[in-house]
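Accompanying notes for the structure given below.
The values are calculated or read from the model by the stated rules, or taken from the named source; none is laboratory data. Bear in mind that the values here come from a model prediction, so they are computed numbers and not experimental data. With ideal geometry, Cβ positions are generated from the backbone for all residues, glycine too; neighbour counts draw on all protein chains shown. To get the accessible areas, we keep the full protein, side chains included, count just its heavy atoms, and leave off ligands, DNA and RNA. Shrake-Rupley method; radii C 1.70, N 1.55, O 1.52, S 1.80 Å.
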Amino acid sequence: MRRKGLFLICALVASALSAGAYAQSEMRFCLSSQPKTFNPLAVDDDASETIRYLTGGVLIRLDRNTQQPVGELATAWRINKAGDAISFTLRPNVRFSDGTPFSATDVAFTVERLMDPDLHSPTGDSFRSTPGKVATKITDPYHLTITFPGPVIGLDRLFDQVAIISAQSPQKYMAVLGPYYVADNKAGSTLLLKRNPNYWKHDSAGRQLPYIDSIRLDIQQNRDRELLRLTRGEIDLVNSLNAESFDLLKGQAPSMAFDAGVSLDSEQIWFNQVPTSPLPDYKKAWFTSTHFRRAVSSAIHRDDIARLVFHGYAQPAVSLISPANKIWFNQKLKPHAYDVKLALRELELDGFRLQGDTLRDRTGHAVEFSVITNAGNKDRERMASVIQQDLRAIGIRLNIVTLDFPSLIERITRSFNYESCLLGFVNDELDPNAQMSVWLSSADNHQWNPNQKQPATAWETEIDRLMREQASSLDPAKRKRDIDRVQQLVWEQEPFIYLVNKHALSAVSPNLRNAHPVGLRPQVYWNIEQLAFATQPRRPQ
Amino acid sequence: MKRLRRAALAFLAIVVLASLLAGVFAPASYDFQFREVSNAACSTHHWLGTDALGRDRFSRLLFGTRVSLLLAPAAALISTLLAALIGGVAGYIGGKVQRTLMAATDLSMAMPWMFLLITVRAMLPLNTGPAASVVITFAVLGLLGWPAAARVVCADARRLIESDFILHARAAGCSEACIFRRQFLPNLRPVLMAQFWISIPVFILAEANLGILGLGVAEPLPSWGGLLQELQGLAATSGRPWQFAPILLLIATVSCFHLAIERKESEA
Amino acid sequence: MSAAPLLSLQISAGYAGRNEVLRDLSLDVEHGEILGLVGQSGCGKSTLALAIPRLLHMKNGTVRGGIRFNGRDLMGLRKSEMRKVRGKSIALVLQSPIASLNPALRICAQLEESWLAHCSGSSLECRRAIGTALENVSLDASRETLQKYPSELSVGQAQRVLIAMAVLHKPLLLIADEPTSALDAVTQSEVLELFSTLNRRFGMAILYISHDLRSVAAISSRIVAMADGRLTETADPERWLGQGTQSQALLAQR
């Protein structure tokens, strides 16, 4: 017993000594999975994206707060009139984390690698509007021009995703230009990032950024446990909280809860309008009827969804662009109001009639359909339950089916054996041009009726035309008009019945200074280099 | 001890009765959303408060109990009958038949049943009503639940076949049919009864687990699994102790089942 | 009485994967005699008891050789014919009386099943036969006793029920394998007495198997000793007591 006590004292002394010796500041938070790659050009998952944001140096950064592009490694840039070329003036005297100097050669090398068809870079895809080769011309070590085969929409903003890699460094893409570099990687458990000693940015007082010396990222899948670790002081921030956890946190530790307002993400329900789907013809007739879709939309009480399911941390959605998108949202549109009378009127226009408490179509079929959603998502199941009761008021029976994700995807992308689907779309891009793959009727992700050879309806023809026109126009005012019109059409036709836009909710340790979480990813640490600790955090062992 | 068992049986009787008469006792429908009073605390209107969508928790608990307590014994019956058939035949015949059947049993125990259940659920027609889907869920649970019981039954059957009294019956010249009918089956009954009683709580919990995966009983029908699902994660720290009523009832009921089983076993 | 013995066998027997338990053992049982068979536990006595009615396969054992019983070769009989011999002509009483009774059936039901195995007749005949059998083993045939389950009987009562079952069809040979080992001293002597009586009354031959020389000597007209799967000695009971034989060692153990 006595020996044990002695050992304990020794351990305490040792830990006190090590704590004293360790004066470096370390921030900690969690990733939901191991990053699939550290190659910034091949990023395709959230965890890799986080690493890219924390370590990558970019020419132009999209300021997550003002939503405007600002120069980083580029001190100036210019897009030509045709919109197919961009010239950069680079920041001089910048070195990679390993000491290799940075110059126009590295930018040219990065672009060349990015556009390499063998890499299949998702980031590269956004530059590929027209087939052909990309040409780079280096005028001097700090000036270059990149020319694309055709005009690229929002060209400067796209460079936010392009972390520059070194053409010469023996460390290859592990040599970085961002505020941190990857110092240690224990696959599946922990990642350690250390401050880049060569980072070029300084604060107004001349002190080199970032303020925090290192970042420890723990792989933690369970979101509940993640929040628990925050309240215990083991980690310093949690991004993208769900409303229920946020509400709880707000009750327990209000100083930690940050509501950055409406995000770009949306939740929506849509009907299967695929003509070759295995559904009976009378159901296909319902789902392709605009009156039917508008009736369902008007019968849904979006305010109740926001209030009950999201505890008020969501707001009724309008159309494809979230009100959080300051530039592109169509201010003239309002969310569809909850209006049962309007819903019934719309249904009458299409020959539906209410018999007792059952709605029947022209041919006498009782209106009953199923909605599929992914199993295990409490918010979606609750939304479906609210909609279930709302639709009962207009005599429609809704069956809720929760499926595991693979079978859900199988149904909505291959077998088309479903009636309606409730899912959310995560959106990172402000520019609606990124949504081309959803809105073109020939596209894969045109969920309600993908891969059409000819647009099935007049309004889809119109949306196709508008999306193509905005994509080839360099006049911002014209593009805004086109996108406004698309929002109007989607609002009227409701191929997607938009339900709510969720708020961007996060939790931040009160010890962390300069934190201003925003709606755009990466919410809390978008200004990572500005973050600092008020006092050295004491971690429970 | 005897008094305790009697109390357990009385408790089970009350729970079964209350859930059977849920339509009479429940103050509200199990799926009506009182949207103005969501997440309410206990009150005279809502004895156990309301859930996130404003549904009366007490009514949902009553109806959920009905679903779980009626269907779990049904599933137990299916799996026990299958176990009796497979384990009984294997044990009775013995030799190669036994080895083959038990190998098959082990194989089924090693199968990824959760995956199979998910697949079966995914293959159901989409417009299966909540009532039909809950029956199917339990039927599938019952159809998949036999292997462990079959092993036990087989071991017991083997013990019977090698017992002195069956040897003695053979020595007395009894025919095979007589041995099967009068010697074998009546003595297999206690183990079958025990397996039946044991598997009821197992199926209640299995459905609860499926519910936690979001694959149990479809909304808006409540079941214990569905009710427990709400307690997942941080709700535990929410400061609404009445939310734990379903867990308490589940624990109480399962414990009472176990007490009842002990009684049955001591009788046998 | 014919000159040929009632039972005459020469067999080897064993269990799968083990050495043979009975090695070319030959044994004769005369009509109406009580043959005592002694031997230490594990010498193969029980194997022999099961081998004669050809039940050894139930314990995963096999038998080779010949068993002549009452002029027939038992080894050559078909299953259905063999079943007719068991219980009818050769009866078996086993070591542990309680375990030999079916715990799930009432006593009367078990007796009925034994009777029905070889007779078909009215329930009245059946009840009469059972009554007689119980009378023969000095067990009262009251409703109360008959309605009991085996677990409600004493060991002695259970053994009497088993003997009643055995004598139900007045067999030519009764094989008793350690029938008294589970009984207390008083009950033991009562059961031994019962065997002698039955032997005298029905002329029923008894193969009495035991490790207890005293009880064997008390009722047997002839004794054989067994060791390592073979017969070692054959003698009259009187001769045993004075000689320094293996059997003396058995006595000393008690």
Item checked: List A:H291, A:H336, ordered by accessible area with a 1.4 Å probe, largest first -> A:H291, A:H336
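Compute the signed sum of charges (Lys and Arg +1, Asp and Glu -1) over the other residues within less than 11 Å, Cβ to Cβ, of B:C178. Intermediate values should be presented prior to the final figure.
Values: positive: B:R170, B:R181, B:R182, C:R83; negative: B:E176, C:E112, C:E113.
With Lys, Arg at +1 and Asp, Glu at -1, the net is +1.
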Margin query: Out of the total accessible area of segment C:106-232 (probe 1.4 Å, heavy atoms of protein only), what percent is carbon and sulfur?
Written below: 48
Margin query: Using Cα springs under 10 Å in a Gaussian network model of chain C, which residue among C:R200, C:R143, C:R68 shows the largest mean-square fluctuation?
Written below: C:R143
Notebook entry, point to check: Taking only C-alpha pairs under 8 Å that are 6+ residues apart, what is the relative contact order of segment C:1-101 in percent?
Noted result: 29
Checklist line | Alpha carbon centroid spacing (whole Å) that separates segment C:167-183 from segment C:58-106 | finding: 12
Check: Residues of segment B:112-148 losing 50 Å² or more of accessible area relative to the isolated chain, 1.4 Å probe, heavy atoms only?
Finding: B:A122, B:L126, B:N127
Margin query: Just to confirm the number: angle between the C-alpha axis of helix B:95-110 and the first principal axis of chain B, 0 to 90 degrees, nearest 10?
Written below: 20
Next item on the list: Read phi for every residue in segment A:145-152 and hand back ³J(HN,Hα) as whole Hz from Karplus 6.51 cos²θ - 1.76 cosθ + 1.60, θ = phi - 60°, with x for Gly and Pro.
Entry: 10, 10, 10, 9, x, x, x, 10
Note to self: Please report the spacing between the Cα centers of segment A:138-158 and segment B:96-115 in Å, no decimals.
What the structure shows: 64
Note to self: Under a crude label model (7 Å from the Cα following the beta-carbon direction), how far is C:N19 from A:Q355 in nanometres?
What the structure shows: 9.0
Margin query: Just want to confirm a number: the relative contact order over chain A, from Cα pairs under 8 angstrom separated by 6+ residues, in percent.
Written below: 17
Notebook entry, point to check: How much FRET efficiency would the formula 1/(1 + (r/R0)^6) give for B:I136 and B:L70, where r is the Cβ-Cβ distance and R0 is 25 Å, rounded to 0.05?
Noted result: 0.95
Check: What does the accessible area of A:I165 come to, in Å² to the nearest 10, when a probe of 1.4 Å is used?
Finding: 10
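Over 21 Å between Cα atoms: which of A:K81/A:K478; A:K172/A:K194; A:K334/A:K502; A:K133/A:K453 fall into that group? Kindly include the intermediate steps, with their values, before the conclusion.
On the way: A:K81/A:K478 15 Å; A:K172/A:K194 18 Å; A:K334/A:K502 16 Å; A:K133/A:K453 28 Å.
The pairs that break the limit, which is 21 Å between Cα atoms, are A:K133/A:K453.
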Note to self: Is the C-alpha gyration tensor of segment B:15-60 telling us rounded, prolate or oblate? Criteria: a/c under 1.5 is rounded; beyond that, a/b larger than b/c is prolate, otherwise oblate.
What the structure shows: prolate
Notebook entry, point to check: Tell me, what HN-Hα J-couplings in whole Hz come from the Karplus equation 6.51 cos²θ - 1.76 cosθ + 1.60 at θ = phi - 60° for each residue of segment B:240-250, using x for Gly and Pro?
Noted result: 10, x, 5, 4, 7, 3, x, 5, 4, 5, 4
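Averaging sequence separations of C-alpha pairs under 8 Å and six or more residues apart, then dividing by the length of segment B:42-184, give the relative contact order as a whole percent. Mind showing how you got there, number by number?
Numbers: 117 pairs, mean separation 44.2, N = 143.
Over segment B:42-184, the number comes to 31 percent.
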Notebook entry, point to check: Taking a ≥ b ≥ c as the square roots of the eigenvalues of the Cα gyration tensor of segment C:65-222, is the shape rounded (a/c under 1.5), prolate (a/b larger than b/c) or oblate?
Noted result: oblate
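For the protein assembly as shown, what is the accessible area per residue in Å² when the probe is 1.4 Å?
On the way: 46740 Å² over 1063 residues.
Computed with neighbouring chains in place, this is 44 Å² per residue.
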Check: When chain C is treated as a GNM, springs tying every alpha-carbon pair under 10 Å, which of C:A99, C:A91, C:A227 comes out with the largest mean-square fluctuation?
Finding: C:A99
Check: Largest first, what is the accessible-area ranking of B:D106, A:D357, A:D431 with a 1.4 Å probe?
Finding: A:D357, B:D106, A:D431
Check: Pick from B:D164, B:D156, B:D51: which residue has the top mean-square fluctuation in a GNM of chain B where Cα pairs under 10 Å get a spring?
Finding: B:D164
Notebook entry, point to check: Using the alpha-carbon atoms, what tilt in degrees (0 to 90, nearest 10) does helix A:340-349 show relative to the longest principal axis of chain A?
Noted result: 50
Checklist line | Protein accessible area in segment A:300-455, 1.4 Å probe - carbon and sulfur % | finding: 50
Next item on the list: Compute the long axis of helix A:2-21 from its Cα atoms, compare it with the longest principal axis of the Cα atoms of chain A, and write down the angle in degrees, 0 to 90, nearest 10.
Entry: 90
Margin query: Accessible area of segment A:214-291 with a 1.4 Å probe: how many percent of it is carbon plus sulfur?
Written below: 48
Item checked: Rounded, prolate or oblate (a/c below 1.5 giving rounded, otherwise prolate when a/b exceeds b/c) for segment C:61-139 by Cα gyration tensor -> prolate
Check: Between segment A:408-430 and segment A:102-134, what's the alpha-carbon centroid distance in Å?
Finding: 30
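In Å² (nearest 100), what accessible area is buried between B and A, both sides summed, heavy protein atoms only, 1.4 Å probe? Working shown, then result.
On the way: alone 14250 and 24840 Å², together 36310 Å².
In total, this chain pair buries about 2800 Å².
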Notebook entry, point to check: What's the buried accessible area, both sides, between C and B using a 1.4 Å probe, rounded to 100 Å²?
Noted result: 1900
Next item on the list: Using protein chains only (no ligands, no nucleic acids) and a 1.4 Å probe, work out which residues of segment C:53-86 have their accessible area cut by at least 30 Å² relative to the chain alone.
Entry: C:L55, C:M58, C:K59, C:R83, C:R86
